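These notes concern the structure reproduced below.
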Amino acid sequence: MSDLENLCLKLNEIGAIKFGDFTLKSGLKSPIYIDLRVLVSFPLVLKMTAQEMAIQAKSLQYDSLCGIPYTALPIATLLSQELNKPLIYARKETKDYGTKRKIEGVFKEGQTILVIDDLITDGGSKFETIQPLEEAGLKIKDILVLVDREQGGAKTLKEKGYNLHAVIGIKHLLSVLNKHGKLSDEKVKEILDYLEKKN
């Protein structure tokens, strides 16, 4: 079994993949929900996640990483250690005390940043992080996520000039769970039909 296949099974085992009726951040309804916030409670699976993401990151050109709060920050922290690359992050809300910084960490104008997130659906939320980085004079070319829900995120980013890199596509994830008896053929078909309709 490949390391990636093992990671898919571990994500299912720790309850990061849920089946039911969910409303996503994008407002879309979905029969599958991927909740990677639970990773912080499973250090070995968190480490496996960072190792798989590091494989993809090594082929890209950048000076620093930027983790998107909140779910991606623990992943990006481990990734920073794996790659020996500096880490910054754009705050969700600007502090109204102390330094009042929008971006935490050390960086220089003109540097290239690899944006790290847990997953992508339609891609819209990534621009909330990209905007303050670019306003600070940083360059963004690539966004790396663990899971691509394959619902148009790559296309949305490409139209704005950014490249998406994903460790796991949702169809591959479903196929691994099905192969190992964790998900029925009927459930796989239901989710695939849903994905086709949403694209």
### Query
Taking the stretch 121-148, which residues are closer than 27 Å to residue 51 by Cβ and either modelled with pLDDT under 95 or part of a helix (DSSP H, G or I) (or both)?
121, 123, 125, 126, 129, 130, 133
## Note on the structure
The one condition residue 30 fails out of (1) modelled with pLDDT under 95; (2) over 16 Å from residue 173 (Cβ atoms) is (2)
### Query
Among 55, 103, 75, 68, which is the only one that is modelled with pLDDT under 95 and within 22 Å of residue 169 (Cα to Cα)?
68
### Query
Out of (1) closer than 18 Å to residue 32 by Cβ; (2) touching a Gly at 6+ places or on another chain (Cβ under 9 Å); (3) part of a helix (DSSP H, G or I); (4) of a type in the set (A, V, I, L, M), what's the single condition that is false for residue 177?
(2)
### Query
Name the residues in the stretch 151-174 that are within 12 Å of the chain's Cα centre (by Cα) and not in a helix (DSSP H, G or I), would you?
164, 165, 166, 167, 168, 169
#### Entry: Residues of the stretch 154-198 that turn out to be hydrophobic (A, V, I, L, M, F, W, C) and within 14 Å of residue 19 (Cβ to Cβ), as a count
9
### Task
Look through 49, 77 and report the one residue that is outside any loop (DSSP other than H, G, I, E, B), out of contact with any helix residue (DSSP H, G or I) (no Cβ under 8 Å at 6 or more places or on another chain) and either over 15 Å from residue 165 (Cβ atoms) or in contact (Cβ under 8 Å) with a residue 12 or more places away in the chain (or both).
77
### Task
Only residues that are polar (S, T, N, Q), under 20 Å from residue 71 (Cα atoms) and in a helix (DSSP H, G or I): list them for the stretch 1-39, please.
12
### Message
Among (1) within 24 Å of residue 10 (Cβ to Cβ); (2) in contact with a Ser or Thr (Cβ under 7 Å, 6 or more places away or on another chain); (3) surrounded by fewer than 21 Cβ atoms within 10 Å (Cβ to Cβ); (4) among the charged types (D, E, K, R), there is one condition residue 149 misses while meeting the rest; what is its number?
### Response
(3)
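The values are calculated or read from the model by the stated rules, or taken from the named source; none is laboratory data. Keep in mind that what you see is a predicted model, and the values were worked out from it rather than measured. Using ideal geometry, Cβ is built from the backbone for each residue, glycine included, and neighbour counts are taken over all protein chains shown.
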